[in-house]
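Trainee: One structure, as structure tokens, below. Some questions next.
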Amino acid sequence: MAEFDQELDASGLNCPLPILRAKKTLNGMDAGQVLHVIATDPGSVKDFDAFSKQTGNELMESKEDGGKFHFMIKKS
Amino acid sequence: MDEKKLAIIATKGSLDWAYPPFILASTAAALGYETQIFFTFYGLQLLKKKLALEVTPLGNPGMPMPMGMDKWFPVLGLALPGMQGMMTAMMKQKMKSKGVASVDELRDLCQEADVKLIACQMTVDLFDMDQSEFIDGIEYAGAAAFFEFAGESDICLYI
């Protein structure tokens, strides 16, 4: 797992909360910083991909590990 | 990149139908959309300070019922006193256990994200509602004001 500046555990939360919490956390971060999001909602995989494409925040990594989904998002 | 715009008309005042406008608006705001929701008729219930939203299986054959009740329970039984309250409590419990946000929470998130919430002035007058019943930070306007924004929107939904 690459390095990150902040971590957000959205485990147990359902659509659209992981995205909304991630957006809120990114708002308080600086450009270039990396946010690590952990989620259990299977829908979040496509959602974070779409979030990244539409907001310009780069999705550096998206993977599943032990039933949890991990996303590394670099703030644009 | 120009900011995209989403305009929603929310017309329904039940617990289940409270979700689509608030989920879509909060998500759109997170994606960078400028978003407005125009609440009219029963949709105004979604702007009350104290939300008392309920869900009913009556007239809704698509609503999944607990314990396969829809298979053996007579439709008329659903009209019994207390049934709606029970269904609402069960639905809320289910949502909580699945990590689905409450309507209050989604509404707060919309307001935090600067989603503009507009109450239909005509309906407020029609139902003799009082502005003190509604949450702060909303606007009161009519159809023409909605079109000013909706006419420039990229997406416009009637819910």
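The values are calculated or read from the model by the stated rules, or taken from the named source; none is laboratory data. Model, not experiment: these values are computed from the prediction. Don't worry about glycine lacking a Cβ; one is built from the backbone with ideal geometry, like all the others, and counts go over all protein chains shown.
Trainee: Residue pairs, Cβ under 6 Å, 6 or more apart or interchain, first in region A:1-26 and over 19 Å from residue B:24 (Cα atoms), second assigned to a loop (DSSP other than H, G, I, E, B) and modelled with pLDDT under 95. List them.
Mentor: If the second residue must be assigned to a loop (DSSP other than H, G, I, E, B) and modelled with pLDDT under 95, the pairs left are A:12/B:99.
Trainee: Oh, and also: Filter region B:148-159 down to residues that are over 16 Å from the mean Cα position of the chain (by Cα) and assigned to a loop (DSSP other than H, G, I, E, B) and give me whichever is surrounded by the most Cβ atoms within 10 Å (Cβ to Cβ).
Mentor: That would be B:153.
Trainee: Limited to region B:4-38, what total is found for residues that are in contact (Cβ under 8 Å) with a residue 40 or more places away in the chain, assigned to a helix (DSSP H, G or I) and not small (Gly, Ala, Ser)?
Mentor: Qualifying residue count, region B:4-38: 9.
Trainee: Related question: Does region A:22-41 hold any residues that are among the acidic types (Asp, Glu) and at the interface with chain B (Cβ under 10 Å from one of its Cβ atoms), and which are they? If you could, list the steps in order and put the result at the bottom.
Mentor: Of region A:22-41, the ones among the acidic types (Asp, Glu) are A:30, A:41.
A:41, the sole residue that qualifies.
Trainee: Could you run through region A:1-42 and say how many residues are part of a strand (DSSP E or B), surrounded by 13 or more Cβ atoms within 10 Å (Cβ to Cβ) and among the acidic types (Asp, Glu)?
Mentor: Of region A:1-42, the ones part of a strand (DSSP E or B) are A:6-10, A:34-39.
Keeping just the survivors that are surrounded by 13 or more Cβ atoms within 10 Å (Cβ to Cβ) gives A:6, A:8-10, A:34-39.
Those left that are additionally among the acidic types (Asp, Glu): A:9.
Summing the residues that are part of a strand (DSSP E or B), surrounded by 13 or more Cβ atoms within 10 Å (Cβ to Cβ) and among the acidic types (Asp, Glu) in region A:1-42 gives 1.
Trainee: Would you pick out the residues in region B:91-149 that are free of Cβ contacts under 8 Å to residues at least 40 places away in the same chain, charged (D, E, K, R) and either within 16 Å of residue B:9 (Cα to Cα) or in contact with a Leu (Cβ under 7 Å, 6 or more places away or on another chain) (or both)?
Mentor: If the condition is that a residue be free of Cβ contacts under 8 Å to residues at least 40 places away in the same chain, charged (D, E, K, R) and either within 16 Å of residue B:9 (Cα to Cα) or in contact with a Leu (Cβ under 7 Å, 6 or more places away or on another chain) (or both), then B:139, B:148 are the ones that fit.
Trainee: Could you say which residue among B:28, B:79, B:10 is more than 13 Å from the chain's Cα centre (by Cα) and either modelled with pLDDT of 85 or more or within 14 Å of chain A (Cβ to nearest Cβ) (or both)? Explain how you work it out, then say what you get.
Mentor: On the way: B:79 fails: either modelled with pLDDT of 85 or more or within 14 Å of chain A (Cβ to nearest Cβ) (or both); B:10 fails: more than 13 Å from the chain's Cα centre (by Cα).
When all the criteria are applied, what remains is B:28.
Trainee: Collect the residues in region A:7-21 that are within 10 Å of chain B (Cβ to nearest Cβ) and hydrophobic (A, V, I, L, M, F, W, C), keeping them in residue-number order.
Mentor: To start, the set of residues in region A:7-21 that are within 10 Å of chain B (Cβ to nearest Cβ) comprises A:10-21.
The answer is A:10, A:13, A:15, A:17, A:19, A:20.
Trainee: Further question: Scanning region A:44-75 for residues that are out of contact with any helix residue (DSSP H, G or I) (no Cβ under 7 Å at 6 or more places or on another chain) and among the small types (Gly, Ala, Ser), which turns out farthest from residue B:33 (Cα to Cα)?
Mentor: Residue satisfying both the conditions and the ranking: A:66.
Trainee: So, of the residues in region B:13-22 that are within 14 Å of chain A (Cβ to nearest Cβ) and surrounded by fewer than 21 Cβ atoms within 10 Å (Cβ to Cβ), which turns out to be nearest to residue B:80 (Cα to Cα)?
Mentor: Result: B:19.
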